[in-house]
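Each remark here refers to the structure printed beneath this line.
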Amino acid sequence: MILKHVVNLAKQINDRKVRLCVKGSYQIKGVDYTESFAPTILAMSINFYLAIGTYMHSNFYHLDISNAFQNTPAPPNAVGNRIWLKVFPEYMLWYRTRFTVHYKNIEHTFPLAKQSWKSLGVEMFAHVKGRKDASREWGEHVDKVLCGQLGLIKNRADQCIYQGTINQCHVILARATDDILVGTLSLDTYNHIVTTLESHWKIHNMGQVSHFLVSDSCLVPIK
């Protein structure tokens with residue numbers, strides 16, 4: 001378990017963040033955690049994506065999926081259970097500051113647990129950052145929506161580029177983990193994509209993009 005304090009300009013603690021790491025005693029800082037890696041559009045694909053969209057006279061729209069990992073259900077394992085994590089005192093300290101009422105209910109239900117929180121376990125119903133396979137499972141889950149529900153097809157050269165026809169309108173879509181750039185002629189088609197994604201996740205709709213900042217490793221839409 002990794003704890004992080006978020007401080008303001010006055011060096012006061014505004015928030016406490018925690019990252020759970022599966023089998024943390026076997027993980028190495030800077031190698032197995034601290035940073036999370038997930039599939040994203042290749043840098044060499046960005047120019048091709050913009051060129052194709054421009055040639056098709058597409059408008060570009062930007063949306064972001066909020067807390068994609070945490071809001072993606074974790075699949076059951078071979079024996080039907082989800083993921084179980086040991087409870088640590090630091091986690092309960094964070095839990096007490098965030099969920100006071102639930103914390104009191106736990107103390108009331110398990111009066112002896114406070115003496116040794118490690119005797120309790122937490123069943124995870126969603127993905128957890130720090131797991132090595134969380135990014136892969138998130139990618140597979142979002143593919144079920146983009147390809148399965150919307151009918152888009154993944155590019156064989158770049159697995160984060162999708163294209164197809166929605167409501168008789170051509171769509172080319174680029175994904176950088178949970179940031180999605182949509183190129184299409186129809187605003188109604190884009191709204192249909194947003195509505196479909198909103199049935200699974202909370203979406204931040206950034207609207208139409210007019211400028212891009214392109215570097216060697218990323219593509220940043222600018223309204």
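Pull out all pairs, ordered by first then second residue, where Cβ-Cβ is under 9 Å, the residues are six or more apart or on different chains, the first lies in the range 53-71 and is farther than 16 Å from Gly164 by Cα, and the second is among the aliphatic types (A, V, I, L, M) and part of a loop (DSSP other than H, G, I, E, B). Close Cβ pairs (under 9 Å, with a partner that is among the aliphatic types (A, V, I, L, M) and part of a loop (DSSP other than H, G, I, E, B)) amount to Ala68/Ala38; Phe69/Ala38; Phe69/Val128; Gln70/Val128. The residue of the range 179-194 that is nearest to Lys154 (Cα to Cα), among those that are buried (at least 16 other Cβ atoms within 10 Å of the Cβ) and of a type in the set (S, T, N, Q), is Thr184.
Here's the yes/no breakdown for (1) crowded, with 17+ Cβ neighbours inside 10 Å; (2) modelled with pLDDT of 75 or more; (3) of a type outside the set (Lys, Arg):
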site: Asn105; (1), (2), (3): no, yes, yes
site: Ser116; (1), (2), (3): no, no, yes
site: His127; (1), (2), (3): yes, no, yes
site: Ile161; (1), (2), (3): yes, yes, yes
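Looking across the range 6-43 at every residue that is within 25 Å of His141 (Cα to Cα) and outside any loop (DSSP other than H, G, I, E, B), the one that is modelled with the highest pLDDT is identified as Thr40.
The values are calculated or read from the model by the stated rules, or taken from the named source; none is laboratory data. As the structure is a computational prediction, the values presented were derived from the model and not from experiment. Neighbour counts are summed over all protein chains in view; Cβ atoms, including those assigned to glycine, are modelled from backbone coordinates with ideal geometry.
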